[in-house]
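The values are calculated or read from the model by the stated rules, or taken from the named source; none is laboratory data. Nothing here was measured: the structure is a model prediction, and the numbers come from that model. Cβ placement follows ideal geometry from the backbone for every residue including glycine, while neighbour counts extend to all protein chains displayed.
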């Protein structure tokens, strides 16, 4: 699962409505190897939790969804289809 691991970060600015509390200060991102794997991971992680964004093709080209699992952990599931060679 996921040949490429990466870490991304951003600011949580209270003046923009963000309030950092334990549990909402990070997301775990999983880079799936196929749409089918992404759907399987998303389904399993979202059981008993809250879906924020259903898995769907996004305007930037990835298949993406986000959720909070039943333990309050935030997840992003991503499948990036291979780019066409020019």
So residue 23 fits all but one of (1) more than 12 Å from the chain's Cα centre (by Cα); (2) surrounded by 10 or more Cβ atoms within 10 Å (Cβ to Cβ); (3) at pLDDT 90 or above; what number is the exception? (3)
Looking at segment 27-86, which of its residues are part of a loop (DSSP other than H, G, I, E, B), on the phi < 0 side of the Ramachandran plot and surrounded by 11 or more Cβ atoms within 10 Å (Cβ to Cβ)? 33, 34, 49, 58, 62, 69, 70, 73, 80, 81
